[in-house]
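Written out below as structure tokens is the structure these notes cover.
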Amino acid sequence: MNYFKTAILLAGMTALFMGVGYLIGGSGGMTIAFLVALAMNAFSYWNSANMVLRMYGAREVDARTAPEFYGLVQQLARNAGLPMPKVYVIDNPQPNAFATGRNPQNAAVAATTGLLNSLTREEIAGVMAHELAHIRNYDTLTMTVTATLAGAIGMLANFAFMFGGNRDSNNGGIGMIGTLAIMILAPLAAMIVQMAISRSREYEADKGGAEISGQPLALASALRKIAGAVHRVPNMEAERNPATAHLFIVNPLSGERMDNLFSTHPDTGNRIAALEALARNMGQTPRRGFVETAPAGPWNRFGGGRGPWG
């Protein structure tokens, strides 16, 4: 099902490429755009995960450089029945995390220093289990390809704006259409991206993460903390690359870029309520208003952006 969803996404993105190509150069431009789209699709399938990790300056860690964090992910991966993913740390004060990679055999998880500094061990386990659930569900393939193609469509749309006045003999008035296309295709591309990545995947990953970690209330507490911090602590790299916002466990953008209809993430309160209901089904009792406020155990060693990874 996830492969089918990805195929539909790629077809939609390819159609947008071809449409903008037609506005730029008529039938010849459409053909060139189609070939470019095929190349971009293949490139993003194989390389988009590494591109996103580089974009955020993620640094790979291992059992030697970050033994506590790496060991936790290793245990959760065993719980999930997954191969051990690559583990990365991002020097960013905003607490957040994401997973990427085209399949479980080529997957990676990344957490910010803000997350490692501000959450308890149990909360970090819940967050990383959520990301492993994305990997197990093959959501990461869809997410990484989407991030790459959304940015590419934006660049092609800007190209159309600059050169939309070009026309062939069969396309009178194409310059005006090319200019108007910027206003139409840009939000359309964003809508396709956000609708293609269904918000239901976040609920499913929350459920899967709670089952992998065994602690739905810890994940609920983590979501509450992360959502509260997002509006106080900006993630400037995400602000510069909003097409990647859907990768994160909580939307990292400080401002509202889109109304709720096209939001990439469900309401955090609804996610917490669902996790609390799951906890009750598991025989755990939610404590209303309870939020753990300080990191526990070895996690406070990640302070100041200089943890045991060096």
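The values are calculated or read from the model by the stated rules, or taken from the named source; none is laboratory data. All of these numbers come straight from a predicted model, not from anything done at the bench. Ideal geometry is used to build each Cβ from the backbone, glycine not excepted, and the neighbour counts take in all protein chains shown.
Each row is one residue, and each column tells you yes or no for (1) surrounded by fewer than 21 Cβ atoms within 10 Å (Cβ to Cβ); (2) assigned to a helix (DSSP H, G or I); (3) at pLDDT below 65.
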position	(1), (2), (3)
ALA108	no, no, no
ALA111	no, no, no
GLY114	no, yes, no
ILE135	no, yes, no
ASN158	yes, yes, yes
ASN170	yes, no, yes
ALA181	no, yes, yes
Check your understanding: Mind checking whether some residue in the range 53-70 is surrounded by 24 or more Cβ atoms within 10 Å (Cβ to Cβ), in contact (Cβ under 8 Å) with a residue 40 or more places away in the chain, of a type in the set (Val, Ile, Thr) and in contact with a strand residue (DSSP E or B) (Cβ under 7 Å, 6 or more places away or on another chain)?
Key -> no
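Looking at the range 82-106, which of its residues are without any contact (Cβ under 8 Å) to a residue 40 or more places away in the chain and either under 14 Å from the mean Cα position of the chain (by Cα) or in a strand (DSSP E or B) (or both)? Give the steps one after another, and end with the answer.
From the range 82-106, those without any contact (Cβ under 8 Å) to a residue 40 or more places away in the chain are 83-84, 86-88, 90, 103-105; that's our starting set.
The answer is LYS86, VAL87, TYR88, ILE90.
One line per residue, one yes/no per condition, for (1) more than 23 Å from ARG121 (Cβ to Cβ); (2) surrounded by 16 or more Cβ atoms within 10 Å (Cβ to Cβ); (3) in contact with a strand residue (DSSP E or B) (Cβ under 8 Å, 6 or more places away or on another chain); (4) at pLDDT below 60:
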position: MET191; (1), (2), (3), (4): yes, no, no, no
position: ALA227; (1), (2), (3), (4): no, yes, no, no
position: ASP267; (1), (2), (3), (4): yes, no, no, no
position: ALA273; (1), (2), (3), (4): yes, no, no, no
position: MET282; (1), (2), (3), (4): no, no, no, no
position: ALA296; (1), (2), (3), (4): no, no, no, yes
Point to revise | So ALA11, is it surrounded by fewer than 21 Cβ atoms within 10 Å (Cβ to Cβ), more than 19 Å from the chain's Cα centre (by Cα) and modelled with pLDDT under 95 | key: yes
